[in-house]
Amino acid sequence: MSAVLTPKIRVRGLRKAFGDKQVLDGIDLDVMGGTSMVVIGGSGTGKSVLLKCILGLIEPDAGTIEIDGQNILSLRHKAREAARAEIGMLFQNGALFDSMTVRQNVAFGLIAQGLETRVAAEQKADAVLAQVGLSASVGELSPAELSGGMQKRVALARAIASEPAIMFFDEPTTGLDPIMGAVIDGLIVDCVKRLGSTAIAITHDMASARRIGGRAAMLHHGKIVWEGPAEALMESGNPLVDQFTHGRREGPIQMELRR
């Protein structure tokens, strides 16, 4: 009898409401170690809220979030923070610090978590910048001096600098042209494979979803309505997924009107 593998991330019955708006309505999701999961869905369906609950930026109303079989919601503050320190995050807009140089941005997490001295962290920052195709001279620049694609690379470098066991990507190709989007996706895949990390990405970009993800799931009205191989996204056979991935106006998904 084969042993049952414990998912790196297991979410069960996750619920979160804001006022009378039920954003997450009983989410169940498993992400196995060393794999990549892409979560798709329309605006306001709860994708970012799901990530923020796992990250600890938002406290869920109910449910469990397990990392390596341990429910992090039941841990004391320090233990919960230690578990979440394993997570690297690439934010949608990069979230680089304008007052810091590129090198200082990449080194920031290493210093803040006490993993490296300032000198060692900045030396490592140059090495990590090289991993995303940027020279050490870029480290001397400010984020405002970089193009959108270069800012994404810097943000990715910062996310992987601590070699996290888990990585989250929030709309990694937003604002990029198709070629640069493909470049960023390629870097993400390479970094995840090199580190052996477990990854969750949320995106509206179907080409990006198929490039990044091994598996995919769709959120609709606060629930997972489909899960399967990312390569099957365009031909899932699920009417909700098919309408979304093909961008059709007509179908079961109807635009909600604000009153």
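Every number here is computed from the coordinates shown, using simple stated rules; none is lab data. None of these values were measured; they are calculated from a predicted model. Reconstructed Cβ throughout: ideal geometry from the backbone, glycine too, with neighbour counts over all protein chains shown.
So how strong a dipole does segment 93-163 carry about its Cα centre when Lys and Arg Cβ are +1 and Asp and Glu Cβ are -1, to the nearest 20 debye? The partial results should precede the final answer.
Numbers: 6 positive and 7 negative charges, 26 e Å.
Using only the charged Cβ atoms, the result is roughly 120 debye.
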**Q.** For segment 119-259, Kirkwood radius (reciprocal of mean inverse C-alpha pair distance, Å)
**A.** 16.9
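Across segment 190-259, how large is the tail of the calculated P(r) beyond 21 Å, expressed as a percent of all Cα pairs?
Working: 736 of 2415 pairs.
It works out to 30 percent of all Cα pairs.
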Q. Using alpha carbon centroids, what distance separates segment 122-199 and segment 24-96, in Å?
A. 21
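Can you list, largest first and rounded to whole Å, the semi-axes you get for segment 2-151 by taking the square root of 5 times each eigenvalue of its Cα gyration tensor? It would help to have the intermediate numbers written out before the result.
Numbers: eigenvalues 213, 74, 47 Å².
Semi-axis lengths for segment 2-151 are 33, 19, 15 Å.
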Q: On each of the three principal axes of the Cα atoms of the chain, give max minus min coordinate, whole Å, ordered largest first.
A: 53, 49, 43
Q) Mind ordering 138-149, 44-55 by average Cβ neighbours within 10 Å, highest first? A) 44-55, 138-149
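Sorted by average packing, counted as other Cβ atoms within 10 angstrom per residue and highest first, what order do 198-205, 159-166, 221-228 take? Write down the numbers at each step before the final one.
Working: 198-205: 24.1, 159-166: 21.0, 221-228: 17.5.
For the peptides 198-205, 159-166, 221-228, the packing ranking is 198-205, 159-166, 221-228.
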Q: Considering the options Val138, Val102, Met150, tell which one lies farthest towards the positive end of the dipole of segment 93-163, charges being +1 on Lys and Arg and -1 on Asp and Glu at the Cβ, about the Cα centre.
A: Met150
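Could you calculate the FRET efficiency of Arg76 with Phe97 from 1/(1 + (r/R0)^6), where r is the beta carbon distance between them and R0 is 30 Å, rounded to 0.05? Working shown, then result.
Numbers: r = 30 Å, r/R0 = 0.99.
That gives a FRET efficiency of 0.50.
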Q) Hey, which lysines would be in cross-link range of Lys152, C-alpha to C-alpha under 23 Å, not counting anything within fewer than 8 residues on its own chain? A) Lys47, Lys52, Lys124, Lys193
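Could you grab the relative contact order for the chain? Cα pairs under 8 Å, six or more apart, rounded to a whole percent. Intermediate values should be presented prior to the final figure.
Values: 478 pairs, mean separation 60.0, N = 259.
Rounded, it is 23 percent for the chain.
Take every DSSP beta bridge with both residues inside the chain and express the antiparallel ones as a percent of the total, to the nearest 5.
Numbers: 21 of 38 bridges.
The antiparallel fraction comes to roughly 55 percent.
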Q | Taking all pairs of distinct alpha-carbon atoms in segment 93-163, Kirkwood radius in angstrom | A | 11.5
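Could you tell me which helices of the chain pass both thresholds, a Cα extent of 24 Å or more along their own axis and a mean Kyte-Doolittle hydropathy of at least -1.0, with helices taken as whole DSSP H runs? Write down the numbers at each step before the final one.
Details: long enough: 178-195 (26 Å, 1.23).
The qualifying helices are 178-195.
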